[in-house]
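J.: Pasting a structure here, questions to come.
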Amino acid sequence: MEILAILSIVSGGLSLLCLLALHFVSPEFQPSWRMISEYAMGKNKRLLTAFFYLWGACSILSSILLWSVVGTIWASIGIILLFISGIGAIMGGLFDIKHPKHGLSFMLGVPTLPLAALLIGYHLLSLGAWSSYRGVLLLASHAPWIALVLMGGAMALLFSGFKKAGYPMGPDVEPPEKLPEGVIPLAGYANRLLVLCYLIWPILVASIAMTL
């Protein structure tokens with residue numbers, strides 16, 4: 001169990017480092033409104049691929065680690081969802097933003113984690129040893145769904161701004177080089193906040209499991 005916890009923490013930490021590095025090596029992608037997946041259109045696609053692979057490894061390793069810890073059907077469903085979320089993240093590295101299966105990667109990787117975090121998190125709180133971490137575990141378990149809602153709102157705001165600016169929308173339309181006037185740039189920040197919350201949860205859970 002300790003080895004799985006360490007591997008989960010290391011892979012999650014390295015994934016965040018890859019994401020941080022992308023902001024320095026690909027400064028042409030403004031983090032305020034460009035999505036992380038869009039780094040695939042730059043010169044550092046391998047670094048983005050590593051980010052997705054390590055993210056997926058973190059989630060999958062955490063799911064394997066927690067499988068022997070949980071003891072209810074609902075928590076077990078949460079473990080399965082966490083595993084699926086990891087698969088979706090890995091698929092995000094296999095299929096970039098221009099690939100037809102990138103949308104499937106999103107559907108597998110993004111909506112599943114918030115539900116998994118809640119199902120597993122609340123079950124862990126019912127276990128005696130985990131209850132001493134109640135505050136931080138509750139915060140980390142609720143953060144993913146809050147981040148997802150914020151990103152949904154920020155994306156809607158971005159698309160609405162593009163529409164008002166007369167910029168065409170669609171899967172085959174290249175994003176503008178500069179943000180049109182009047183468009184509020186928050187979607188990129190929300191996207192990065194989501195990833196941070198999605199990675200902090202399995203890292204935190206693996207860290208607690210290792211101390212226990």
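J.: Of everything in the stretch 87-110 that's part of a loop (DSSP other than H, G, I, E, B) and free of Cβ contacts under 8 Å to residues at least 12 places away in the same chain, which residue is surrounded by the most Cβ atoms within 10 Å (Cβ to Cβ)?
T.: Step by step, filter the stretch 87-110, then rank; the result is PHE95.
J.: Right, next: So, ILE120, is that one at negative phi, in a helix (DSSP H, G or I) and β-branched (Val, Ile, Thr) or not?
T.: yes
J.: Hey, could you check the stretch 124-155 for residues that are among the aliphatic types (A, V, I, L, M) and without any contact (Cβ under 8 Å) to a residue 24 or more places away in the chain and say which is nearest to ILE73 (Cα to Cα)?
T.: By that ranking, first place goes to LEU125.
J.: Sort out which residues of the stretch 64-86 are small (Gly, Ala, Ser) and in contact (Cβ under 8 Å) with a residue 12 or more places away in the chain, and write them in order of number.
T.: SER68, GLY71, ALA75, GLY78, SER85, GLY86
J.: List the number of the failed condition for PRO180; all other conditions in (1) part of a helix (DSSP H, G or I); (2) in contact (Cβ under 8 Å) with a residue 12 or more places away in the chain; (3) under 26 Å from LYS98 (Cα atoms) hold.
T.: The single condition PRO180 does not satisfy is (1).
J.: Any residue in the stretch 10-39 that is closer than 22 Å to MET91 by Cβ and assigned to a helix (DSSP H, G or I) sitting within a Cβ distance under 7 Å of a residue that is at pLDDT 95 or above and among the basic types (Lys, Arg)? List the pairs, counting only those 6 or more apart or interchain.
T.: ILE36/ARG192
J.: I'm checking my understanding of the structure. Among residues of the stretch 15-38 that are surrounded by fewer than 17 Cβ atoms within 10 Å (Cβ to Cβ) and among the hydrophobic types (A, V, I, L, M, F, W, C), which one is farthest from GLY182 (Cα to Cα)?
T.: Here the residue is LEU17.
J.: Scanning for something closer than 19 Å to GLU38 by Cα, within 16 Å of the chain's Cα centre (by Cα) and among the polar types (S, T, N, Q), does the stretch 130-141 turn up at least one residue?
T.: Looking for residues that are closer than 19 Å to GLU38 by Cα, within 16 Å of the chain's Cα centre (by Cα) and among the polar types (S, T, N, Q), one finds none in the stretch 130-141, hence no.
J.: Can you tell me how many residues in the stretch 153-188 are touching a Leu at 6+ places or on another chain (Cβ under 9 Å) and hydroxyl-bearing (Ser, Thr, Tyr)?
T.: Qualifying residue count for the region: 0.
J.: Quick one: in the stretch 158-183, of everything that is under 14 Å from MET35 (Cα atoms) and either among the aliphatic types (A, V, I, L, M) or surrounded by 11 or more Cβ atoms within 10 Å (Cβ to Cβ) (or both), which residue is modelled with the highest pLDDT?
T.: Per the criteria, the residue is LEU158.
J.: With the condition kept exactly as written, say whether any residue in the stretch 125-132 is more than 23 Å from ALA57 (Cα to Cα), hydrophobic (A, V, I, L, M, F, W, C) and in contact with a Lys or Arg (Cβ under 8 Å, 6 or more places away or on another chain).
T.: For the stretch 125-132, residues more than 23 Å from ALA57 (Cα to Cα), hydrophobic (A, V, I, L, M, F, W, C) and in contact with a Lys or Arg (Cβ under 8 Å, 6 or more places away or on another chain): present.
The values are calculated or read from the model by the stated rules, or taken from the named source; none is laboratory data. As the structure is a computational prediction, the values presented were derived from the model and not from experiment. Here the Cβ is made from the backbone with ideal geometry for all residues, glycine too, and neighbour counts use every protein chain on show.
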